[in-house]
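*Asks:* Shown below is the structure under consideration.
Every number here is computed from the coordinates shown, using simple stated rules; none is lab data. The model shown is predicted, which means the values in this text are computed figures rather than measured ones. Cβ placement follows ideal geometry from the backbone for every residue including glycine, while neighbour counts extend to all protein chains displayed.
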Amino acid sequence: MKKFLTILSVVALAIAAVSCEKGGKAPKTYPVKVQLTLFGSPFAEEGIPVSLSSGSASYSVETDAEGIVSFDVPVGIYTATTSFKKDDEDENIKRVYNGSVSITVTDQGAEMPKTISVDDPEIDPEDDGDISKPIPLPLEASQTSNLIIKELYNGGCWNERENKQYITDKYIIIYNNSAKEMDASKMCIAMAQISNTVGNAANDYNAGDGNQSYFAEGWTPASYAVWWFQEGTSVKIAPYSQIVVSICGAVDHSVTIPNSVDLSGADYVMYDKEAGFNAAAWYPAPSSTIPSSHYMKTSVFGMGTSWAIPMQNAAPFIFEPKSKIQDFVLDEGNFVNKASNKSGNFCKIPTDWVLDAVDIWKDDNNTTSFHRFSPAINTGHVVFAVNKNGSTIYRNVDKEATEAIEGNASKLVYNYAGAFSEEDTDPSGIDAEASIANGAKIVYMDTNNSANDFHVRKVASIK
Amino acid sequence: MIIFASGKLIYVVYLRRLAIILFFIACVFQGELLAQKHTFAGMVTDKDSGKPVDFATVIIEGSGQWAVADAEGRFSVKNVPASKTRVTVSCLGYVSWSREIVLDKDVLNFKVALAPDNLSLEGAVVTAKEDGNSATTTRTIDRTALDHVQVMNVADISGLLPGGATVDPSLTTEKQFNIRAASTESGNPSFGTAVEVDGVRLSNNASFAEASTTNSSVKGVTTNNIASTNVESVEVITGVPSVEYGDMSSGVVKVNLKKGKTPWMITLSASPAIKQGSVSKGFSLGSGKKGARGVMNASLEYTQSTANQMSPYTAYRRGQASLSYTNSFSRGIFASMPLRLSLGVTGNIGGKDTKADPDAVQGTRTIARDHAARANFSLNWLLSKPWITNLEMNGSVSFSDKSSKETTLNSSVINKTVLHGKEEGFFIAVPYSEGEVQPVMYIPAGHWQNTMRCEDLPMTTRLSLKAGLSRYIGKLNNKLKIGAEWSTDRNFGIGAWTEEMATAPTFREYRYRDVPTMHNAGVYIEDNLMIPVGKGRINLIAGLRNDNTVVRGSAYGVTSSLSPRFNFKYTILPRQGRERKTVRELSVRASWGQAVKLPSFSILFPMPTYRDVNVFTSTTNSSNESIEAYHIQPRSVVFNPDLKWQKNRMMEAGIEADFAGNRISVSAFWNRTFNAYRISSTYDRTTYAYTPVSSLDGVPIPADNRIFTIDRESGIVTVSDKTGSLPSQELSHITYKELAPSYFADNEKNPIDRYGIEWVIDFTKIRPINTDIRLDGSWYCYKTLRTDVLEYSPTTLRTSVDRMPYPYIGHYYGGDSYSNGSETMNLRMNLTIVTHIPSIRLILSAKLEASLLKYSRTLSETSDGKELAQVISDNNDILSTVGGSIYDGDNFVVRYPEYYSTFDDPTPREYLPDLIAAKEGGNLALYSDLAQLSRKSAYLYIFKKDYYTPFFSANFSVTKEIGKIASISFYANNFFVTRSQIRSSKTGTYMSAESYVPKFYYGLTLRLKF
């Protein structure tokens, strides 16, 4: 053993010596300028952080008054990214800007870089190599709302007695992510349940470039039905508070199925038998504790007697219509395929009505799946590979904003261990539910990127 | 007897034809009296040992007379008319002997040496054999072929017919015969195929197992419970069969079981998912003072077929015992008029069972019995009188037990409502109380186990009497057959039941045994005339059958149907004497006939259906209990005065030829099915009180103290206080007007066409390598086009604005789909290479199966070709119709109903003008609702022609006899394990050929004979 350690030490020293031999000279760097642009024009805002990263190396600089950042970096392939929020005129809405561009810095022996090329079509080829001009970083503008989807419990759990899955215990939580009371009375809930499998003949919208053709047309498909709160029912959500909406089965499931949840205390329930959603297993009569005014109403324009949303590929979104939703769903012009009761029927919800959306994929494979929401609503996706085990899609905490709230410091609980996978956990490390129970106010992440904003939680938050 | 008023004229025409036939027969009969009679006697011996072959059957085909050899191998047929006739001698275990002889004097010492049947002989056939003497297409698959390909289910022999495709040899799926048809086609082809086992007609006329209230297809009998090792041969009549066969519309399959004296025979067979063992022995009962005591044949078989070859649990099992007895009496009073008696009894215990499957959820089990008991007798009395040649009486009974038992685990997070009521009314759910079955009950929340049973015991009995008269007038041979047949179908089962009523799911008692017996009395007459013409002969067969179906206690009463059939065959050049010529044999034939298939109980007595409307649901209380109320309405129409019996018109023409030893057989056929059975629906208008859950708003009684009651007549729900402290209160309701479908037995109004050509070419044997090559194939076309106006209403929908039940009914020419029919065309070809080396008793065969053309297309048109669907330019706008044919290129299409009616006004209105007016007038609600009646294609390629690229598979079989006591067979299906890609021209996509060719599979059988 001693002999082995001796040899190991010698080898380690030798490696260190060799490593140091070339380490004295710092690598040559080259200046790189990046200019933020929006719709092709310079976005001249000062103080916006832009990062340039390559592998593990990352540099971050804030923009000057012209919206330009400058880096000195060695040869390599880099990605310049930025993500920031700005308040909108509408106080309930925040604008979110995301941008990303790939930059290649090369050196062919000369002291000055010979070329700086970028892969963005906005770059004029004649500019290639002209380092005096900054490289554009196009921004994608989207908006966030104070009303967000905090959680979607849709994957079911395991019915151990019958050795099969139990899936009729779904719910969604809508959260007020702001410091003021929000009125959600007009808010509607829908799903963009078009097939997101590449090559699926049922999807007529795959533009082939990773986009759906309806992105450019400014609408988002709502599948099968749209749910809204009853007229006259005031749905107010207190600051940093939530409402639990039972998607099906507002009863206590856990009595019979111990792995399931108790939804008898749900605040609202999607229950509208008269509209045609009357499948007995999906729609048991809601608990008596839920007033009938809290039953959400719907208009069914798809197939079947239940709002059957896929357990792994769900794409829920919430929106606030600019006109009366009951009239909107009556107009044939707002539909794709409404005539004939088929699975491909969609209500075309204007994208600028959408408050929040989550794109959920069953696997992280860009070659077989594609996104269903316009980048104006959401980019990225959260992967939900394991269902039927009681796990749930849960929102990450905005650490910076949460910690900034006065009085939170003593109430926040860290070392979150509730994620299904340690590799894909909430990076904030804050245990939101424990903190809320402790009296903390939580601000959830809302970057309009499901990959950043969500993770898979082991158990439902209301369990 | 008159069937129906419009059929009166047809009936008169038939009667005239019958009279002409009878007159013709009378003339023949008169002329025959002058013919001379001789005795034909001799001895049958074993060619190898020289020992007598007792129980060998000698048949004089011209006169239909016969004899059975006695213990010394001797036989004698008296009063044989002077003639040139074919004599056939056969016995189980021997190769049949057949020769044409001239009987112009007494022949008293005719010697026939029968060769034992084994592979040391030339001429073993392992494919389907064409019956060259038949006037219609008939093929026989004998034991050698069955052994060689190791058939486990007799339905699998379809793969041996021209162009046939090998099917996977599993018994866990139910299989039926589909002759000149595909199982997925309209017109109930398998239901129309008659299957007989030793004269016992297998029928599911009385079975409810196949019954379905909404599925229009009625399936035929399954053949899984026929012991394959006990089958001696299978005869398949695909052409126009004799009128002797009634209650069929798509061909006849006759399964002949082993009979007679045989050595001990033991079969052991194994393949990855099937294990089989059998033993059989045919033995003589010796002789007594009155002659031979007959011969008994006993057979036992056990077969187990597992659903998954990696799991031995879920399996179909078949345990079968058969006993047959045959004897002939030719002494004493039977000396000149011998009588032959055959008796057979078969019992089968089996079915599918998931017992002991550790992969299944504990506590669940499904058993589907397939027990059967079959018995038959046959008396054939050779009278040889001038006015009657023989008299045959057959009787059979076939009893099946297709009962099932299913144990399930169930759960519900709140109490679960179940319905058992059969009477109309409003009922509130109540908990089960011992012995009291209420119309609507509930099972408390939680988990429970329940076992449901269904007793299904169909029985078919049959008794027939047939008289035959064979005569000669000079060289002209005439055979007259007159027969009568009586059959009954009934079911002794009690249908669905359970011992665990407290946890039973929704079901209604329907006792099968209360359904009346269906009787059918058939009479027929058939004349078979053989006229020598030059070197050849003409064979004319004309027959007429009349079936009278009686269902006592049913509104259908007595129904009569006629089935005329004609066959013509002209043997231009008979084989005899032309062995060295180029054209060694040539004959042509043509047939025409009609056949009637009696309805099954599932058509005559459709299972009652009920419309159960949930009219009230209370909120769920703290005990997880929600009380529901239902409006129950019986919904079946049990009698359709317009129901007709399904009929098939068959036409066939064929040619058989032998060119320099290459035998060619070609048949062209055209079958047209009329009045195919189906279940149709119509819409009734119902009004009921619906109590929404919001009516509980403001009810002061705490949820846990509420007791609900409902008025059976009015549907008014009342809530009262369990504690009595608060007053009862009637809940407010909404009146719903709703369309409700009712189902009834019906007929397709349009004919269904099937036509095609089948061919078999057996090339001259390549003697140096002992090899035969057969090329067979079929070109098959099918077309159906629904042309009657059918109603459809999407009753689960609600109206757009007021959210009331959908009130519109669409009236569609050809049904409510964008298409109303389809056509298919298939070209299949099989190449079979058989090498038989008698000296080493080895037979090898390789079969290449090819699908050269597989075509289909969806149709939307009237019977005169006018297109029904229309091309639209915008997939989202059903009114964006543009010109052009739906069949040209890629198009989205829309199909409008021709008319629509409403709940309030049943008078049909034109659909399209109202739809356009609603849109143009801005009535979005009406437009949105009416638009639901339009049917739109989901894909661009719906009406494109769909051609599949060719695909192939190859099978290999080998049989080797080891001495005289053992033989081994091995087969490998799809041994190249075809995984090629098939392209569909319709979708432009590729798919694996695995779904279209048999899976790679193999099996081994060892047979011992001693």
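*Asks:* Read phi for every residue in region B:125-132 and hand back ³J(HN,Hα) as whole Hz from Karplus 6.51 cos²θ - 1.76 cosθ + 1.60, θ = phi - 60°, with x for Gly and Pro.
*Replies:* My calculation for region B:125-132 gives 10, 10, 10, 6, 9, 6, 8, x Hz in order.
*Asks:* Among A:Pro427, A:Ala404, B:Leu562, which residue has its Cα positioned farthest towards the positive end of the charge dipole of the protein assembly as shown, with +1 placed on the Cβ of Lys and Arg, -1 on the Cβ of Asp and Glu, and the dipole taken about the Cα centre?
*Replies:* About the Cα centre, the residue reaching furthest to the positive side is B:Leu562.
*Asks:* Sticking with this structure for a sec: Using the alpha-carbon centroid of each, what span in Å lies between region A:232-290 and region B:407-474?
*Replies:* Centre-to-centre distance over Cα atoms comes out at 36 Å.
*Asks:* Also, quick follow-up: Can you list residues whose amide H is under 5 Å from B:Val218's amide H, if they're 5+ apart or on another chain and H is modeled 1.01 Å from N?
*Replies:* Amide H to amide H, under 5 Å and 5 or more residues apart or across chains, B:Val218 pairs with B:Asn188.
*Asks:* May I ask you to evaluate 6.51 cos²θ - 1.76 cosθ + 1.60, the Karplus curve with θ = phi - 60°, for each residue of region B:378-390 and list the ³J(HN,Hα) values in order in whole Hz, giving x for glycine and proline?
*Replies:* 9, 10, 10, 10, 8, 8, 6, 9, x, 9, 7, 8, 8
*Asks:* Follow-up question, since we're still on this one. Compute the Cα gyration tensor for the protein assembly as shown, then decide on rounded, prolate or oblate, letting a ≥ b ≥ c be the square roots of its eigenvalues: rounded whenever a/c is under 1.5, prolate when a/b is larger than b/c in the other cases, and oblate in all that remain.
*Replies:* On the way: a/c = 2.34, a/b = 1.81, b/c = 1.29.
Because a/c hits 1.5 or more and a/b exceeds b/c, the protein assembly as shown counts as prolate.
*Asks:* Between A:Ala385 and B:Thr907, how many nm apart are label points set 7 Å from Cα along the C-beta direction?
*Replies:* That separation, rounded to one decimal, is 6.7 nm.
*Asks:* Another question, then. Could you sort the peptides B:913-922, B:475-484 by per-residue average Cβ neighbour count (10 Å cutoff), highest mean leading?
*Replies:* Values: B:913-922: 13.9, B:475-484: 19.6.
In decreasing order of mean packing, B:913-922, B:475-484 become B:475-484, B:913-922.
*Asks:* Would you work out the relative contact order for region B:753-871, in percent, from Cα pairs under 8 angstrom that are 6 or more residues apart? Walk me through the numbers before you get to the answer.
*Replies:* Working: 247 pairs, mean separation 29.7, N = 119.
The value is 25 percent.
*Asks:* Report Rg(Cα)/(2.2 N^0.38 Å) for region B:556-683, keeping two decimals. Each step should come with its number before you reach the end.
*Replies:* On the way: Rg = 29.2 Å, N = 128, 2.2 N^0.38 = 13.9 Å.
Taking the Cα Rg and dividing by 2.2 N^0.38 Å, one obtains 2.10.
*Asks:* Also, I was wondering about something else. Please turn the phi angles of region A:61-78 into ³J(HN,Hα) values with the Karplus equation 6.51 cos²θ - 1.76 cosθ + 1.60 (θ = phi - 60°), one per residue in order, whole Hz, x for glycine and proline.
*Replies:* 9, 8, 6, 8, 5, 8, x, 10, 10, 10, 10, 10, 9, x, 4, x, 9, 10
*Asks:* Sort out for me the Cα centre separation of region B:716-739 from region B:104-128, rounded to whole Å.
*Replies:* Computed from Cα coordinates, the inter-centre distance equals 88 Å.
*Asks:* Another one. Would you mind checking the tilt of helix B:911-920 against the longest principal axis of the Cα atoms of chain B, expressed as 0 to 90 degrees and rounded to 10?
*Replies:* That works out to roughly 30 degrees.
*Asks:* For region B:255-323 and region A:32-57, what is the separation of their C-alpha centers, rounded to whole Å?
*Replies:* Result: 85 Å between the Cα centres.
*Asks:* In degrees between 0 and 90, to the nearest 10, how far off the longest principal axis of chain B does helix B:8-32 point, with axes built from Cα atoms?
*Replies:* The answer is roughly 10 degrees.
*Asks:* Non-local amide H neighbours of A:Glu140 (under 5 Å, H modeled in plane, Pro and chain starts lacking H): which ones?
*Replies:* Counting only residues 5 or more places away or on other chains, the set is A:Asn98, A:Gly99.
*Asks:* Now, a different point. What FRET efficiency would be calculated for the residue pair A:Ser41, A:Ala404, taking the C-beta separation as r and a Förster radius of 25 Å, to the nearest 0.05?
*Replies:* Values: r = 32 Å, r/R0 = 1.29.
That pair, A:Ser41 with A:Ala404, gives E of 0.20.
*Asks:* Trypsin sites (Lys or Arg not before Pro), restricted to region B:671-709: which are DSSP loop and have at most 12 other Cβ atoms within 10 Å?
*Replies:* Values: sites: B:Arg672, B:Arg678, B:Arg685, B:Arg706; in loops: none.
Hits after loop and neighbour filter: nothing returned.
*Asks:* Sort A:Glu406, B:Glu485, B:Glu406 so that the residue with the fewest other Cβ atoms within 10 Å of its own Cβ comes first and the one with the most comes last. Please list the in-between numbers first.
*Replies:* On the way: A:Glu406 6, B:Glu485 22, B:Glu406 16.
Least to most surrounded, the residues fall as A:Glu406, B:Glu406, B:Glu485.
*Asks:* From Cα pairs below 8 angstrom and at least 6 apart in sequence, can you work out the relative contact order of chain B, rounded to a whole percent?
*Replies:* On the way: 2828 pairs, mean separation 92.1, N = 1010.
Relative contact order of chain B: 9 percent.
*Asks:* Scaled to the compact-protein estimate 2.2 N^0.38 Å, what is the alpha-carbon radius of gyration of region B:696-851, rounded to two decimal places? Could the numbers behind the result be given before it?
*Replies:* Values: Rg = 34.5 Å, N = 156, 2.2 N^0.38 = 15.0 Å.
Relative to the rule-of-thumb radius for its length, region B:696-851 sits at 2.30.
*Asks:* Something else about it: Work out the mean other chain Cβ neighbour count within 10 Å for the residues of A:288-295 and drop it here as an integer. Mind showing how you got there, number by number?
*Replies:* Details: counts 12, 5, 2, 4, 8, 2, 0, 2.
For this peptide, the per-residue mean of nearby foreign Cβ atoms is 4.
*Asks:* To one decimal place, what orientation-averaged projected area in nm² is obtained for the convex hull of the Cα set of region A:238-392?
*Replies:* So the mean shadow area of the Cα hull is 11.2 nm².
*Asks:* For A:Lys28, list the aspartates and glutamates whose Cα falls under 13 Å from its own Cα; do not include residues on the same chain fewer than 8 positions away.
*Replies:* List returned: A:Asp72, A:Asp107, A:Glu111.
*Asks:* With the contact rule set at Cα under 8 Å and sequence spacing of 6 or more, what percent relative contact order holds for region A:220-290? Could the numbers behind the result be given before it?
*Replies:* Working: 80 pairs, mean separation 20.8, N = 71.
Relative CO of region A:220-290 lands at 29 percent.
*Asks:* What does the C-alpha gyration tensor say about the overall shape of region B:112-156? Classify as rounded when a/c is under 1.5, otherwise prolate if a/b is larger than b/c, or oblate. Can you show the working numbers first?
*Replies:* On the way: a/c = 2.49, a/b = 1.10, b/c = 2.26.
Oblate is the answer for region B:112-156, as a/c is 1.5 or above yet b/c matches or exceeds a/b.
*Asks:* Amide H to amide H, which residues 5 or more places from B:Ser233 or on other chains are under 5 Å from it, using H placed in the peptide plane?
*Replies:* It is B:Asn256, by chain and number.
*Asks:* How many partner chain Cβ atoms sit within 10 Å of a residue's Cβ in peptide B:681-694, on average, as a whole number? Can you show the working numbers first?
*Replies:* On the way: counts 0, 0, 0, 0, 0, 0, 0, 0, 0, 2, 0, 3, 7, 6.
Rounded to a whole number, the mean comes out at 1.
*Asks:* Calculate the spin-label point distance for B:Phe763 paired with A:Glu62, positioning each point 7 Å from the Cα along the beta-carbon direction, and give it in nanometres.
*Replies:* If labels sit at A:Glu62 and B:Phe763, their model points lie 9.0 nm apart.
*Asks:* Taking the alpha-carbon set of region B:761-893, what are its Rg and Dmax in Å?
*Replies:* 26.5, 87
*Asks:* Provide, in order from the shortest bin, the percent of all Cα-Cα pairs of chain B in each 20 Å bin, continuing until the bin that contains the maximum pair distance.
*Replies:* Pair shares across the bins are 11, 37, 34, 14, 4, 0.
*Asks:* State, to one decimal in nm, how far the label point of B:Lys475 lies from the label point of A:Asn211, with both points 7 Å from Cα in the Cβ direction.
*Replies:* Label-label distance for B:Lys475 and A:Asn211, simple model: 9.0 nm.
*Asks:* Please compute the length gained on full extension between B:Lys37 and B:Ala917, using 0.36 nm multiplied by the number of residues separating them and subtracting their Cα-Cα distance. If you can, show how the numbers build up before the last one.
*Replies:* Values: separation 880, 0.36 × 880 = 316.80 nm, distance 8.84 nm.
Length gained, B:Lys37 through B:Ala917: 308.0 nm.
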